[in-house]
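A.B. asks: One structure coming up, written as structure tokens, with questions to follow.
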Amino acid sequence: MAALTPLVTERPPLRGVHPVEWLCELAGTALLLLGGLSAVCLDFGPHTPLAALPGSPRLLITGLLFAGTGSLLAISPLGRRSGAHLNPVVTLAFFTQGKVHPHDLAGYIAAQLTGAVLGTAVLRLLWGREATAVHLGATAPGQGLTARKQRWSKRA
């Protein structure tokens, strides 16, 4: 019986530093946050056309737009060049599997953090009061939770 060949061949991470890939990661992360958090502003901002919809359809629209933004970035030239980690935790996971070279780890994470700040700053400029009203898309505990329940929900 012949051995099956994998569809994707694994290759070790390239040695050295890769500033072009880091810049692609920075731009991709900025675009992900700008696009995804724009969906949050559009769907949950108090002065947008979607404000009249009930919560569930708005959650669905937000999820679809956010996921679509991430998927499109992953297959874009930026994502293909950088690997489209777009998240420091994903980069750390790839590093633990030997898919990110130690020389690139800090560069990728710094680029992602910088991209996140840049994307959020542009979001604030573009969406103004809508972005402020949704707290720039920050996740917060649900209304009515006591401090004790909030602590327990974070542990779960």
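A.B. asks: Kindly indicate whether residue 120 is in contact with a His (Cβ under 7 Å, 6 or more places away or on another chain), among the polar types (S, T, N, Q) and either at pLDDT 95 or above or assigned to a helix (DSSP H, G or I) (or both).
C.D. replies: Details: in contact with a His (Cβ under 7 Å, 6 or more places away or on another chain): no; among the polar types (S, T, N, Q): yes; either at pLDDT 95 or above or assigned to a helix (DSSP H, G or I) (or both): yes.
No; evaluated as a whole, the condition is false for this residue.
So that you can scan it fast, the table gives a plain yes or no per residue for (1) modelled with pLDDT under 95; (2) more than 24 Å from residue 113 (Cβ to Cβ); (3) within 23 Å of the chain's Cα centre (by Cα); (4) assigned to a helix (DSSP H, G or I):
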| position | (1), (2), (3), (4) |
| --- | --- |
| 1 | yes, yes, no, no |
| 5 | yes, yes, no, no |
| 13 | yes, no, yes, no |
| 16 | yes, no, no, no |
| 32 | no, no, yes, yes |
| 35 | no, no, yes, yes |
| 43 | yes, yes, yes, yes |
| 51 | yes, yes, no, yes |
| 62 | yes, no, yes, yes |
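A.B. asks: Would you be able to tell me the number of residues in the range 82-137 that are buried (at least 20 other Cβ atoms within 10 Å of the Cβ), aromatic (Phe, Trp, Tyr) and either closer than 16 Å to residue 34 by Cα or free of Cβ contacts under 8 Å to residues at least 40 places away in the same chain (or both)?
C.D. replies: Residues that pass the stated criteria total 1.
A.B. asks: If residue 70 satisfies all but one of (1) in a helix (DSSP H, G or I); (2) crowded, with 20+ Cβ neighbours inside 10 Å, what's the number of the condition it fails?
C.D. replies: Condition (2) is where residue 70 drops out.
A.B. asks: Assuming residue 100 fulfils every condition listed in (1) aliphatic (A, V, I, L, M); (2) touching a Ser or Thr at 6+ places or on another chain (Cβ under 7 Å); (3) closer than 18 Å to residue 127 by Cα apart from one, which condition is it?
C.D. replies: Unmet condition: (3).
The values are calculated or read from the model by the stated rules, or taken from the named source; none is laboratory data. A quick note: this is a predicted structure, and the numbers were derived from the prediction, not measured. Every residue, glycine as well, gets a Cβ built from its backbone with ideal geometry; the counts of neighbours run over all protein chains shown.
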